[in-house]
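The values are calculated or read from the model by the stated rules, or taken from the named source; none is laboratory data. Keep in mind that what you see is a predicted model, and the values were worked out from it rather than measured. For neighbour counting, all protein chains shown are included, and Cβ atoms are generated from backbone atoms with ideal geometry for every residue, glycine included. Surface accessibility is based on the protein's heavy atoms, side chains included, excluding ligands, DNA and RNA. Shrake-Rupley method; radii C 1.70, N 1.55, O 1.52, S 1.80 Å.
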Amino acid sequence: MSSSQIVTSALTIMFPAVMIFAGIMDLMTLKIRNVLVIGIAVVYFIAAPLVGLSLYEMGLSMAVAGMVLAVSFGFFAAGWIGGGDAKLATATALWFGWDHILPYLIVSTLAGGLLTLAVIGFRSMLLPASFYSRPWIVKLHESKSGVPYGIAFAIGALFVFPDTVWFKALI
């Protein structure tokens, strides 16, 4: 394996790792940090040429990300998702481009629906006393807290990732 392939593999493996981290972070803090979203986008622009994406393909990915940004910020304005969720969906859209955006959005939507039902169910239960020592669980249990959709976006990304050029660069 050449040093170029090692760098490409390292950059590519960062995407699923960061998506897992984003989902966990959102669960535990109900926030997705801007530095994480910016990192996802920056690594995309470094890794894309290394896996052989053309400028046209990168431009198409940016157009798809722009569409996801417009729709997700509409969802944010309606109060359906948080701002971090909207930014995460946008940065993730870069990685999936036109070819994989629909499966990513479908899986993320389905996972988000199931997640919402699970959170509603969790919030309808009485919180056991032992859970009060975990502030993140208490916050998640509060009815005024949001739903950590970063988890759904991570599930969608991990589901679709093996079908992408990114995964093929790893094997």
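A few points about this structure:
- Residue under evaluation F153, criteria (1) more than 18 Å from F15 (Cβ to Cβ); (2) of a type outside the set (S, T, N, Q); (3) out of contact with any Asp or Glu (no Cβ under 6 Å at 6 or more places or on another chain), criterion not met: (1)
- Residue selected from the range 118-164 under the condition β-branched (V, I, T) and open to solvent by 50 Å² or more (accessible area, probe 1.4 Å), by the criterion nearest to I32 (Cα to Cα): I155
- Boolean, M25 is open to solvent by 70 Å² or more (accessible area, probe 1.4 Å) and outside any loop (DSSP other than H, G, I, E, B): no
- Here the range 129-171 is the region considered, the condition is being of a type in the set (D, E, K, R) and assigned to a helix (DSSP H, G or I), and the residue that is nearest to P49 (Cα to Cα) is K168.
- Given (1) open to solvent by 30 Å² or more (accessible area, probe 1.4 Å); (2) of a type outside the set (S, T, N, Q); (3) under 30 Å from E142 (Cα atoms), number of the condition G52 does not satisfy: (3)
- Test: residue in the range 58-65 that is under 30 Å from P135 (Cβ atoms) and surrounded by fewer than 14 Cβ atoms within 10 Å (Cβ to Cβ): no
- For D99: the one exception among (1) under 26 Å from V42 (Cβ atoms); (2) at pLDDT 95 or above; (3) of a type in the set (D, E, K, R): (2)
- Cross-chain or 6+ apart pairs with Cβ under 7 Å, the range 56-79 first and closer than 19 Å to D99 by Cα, then assigned to a helix (DSSP H, G or I) and open to solvent by 30 Å² or more (accessible area, probe 1.4 Å): L60/W98; V64/W98
- Of the residues A70, A89, A78, the single one that is over 30 Å from S133 (Cα atoms) and either touching a His at 6+ places or on another chain (Cβ under 7 Å) or open to solvent by less than 50 Å² (accessible area, probe 1.4 Å) (or both) is A89.
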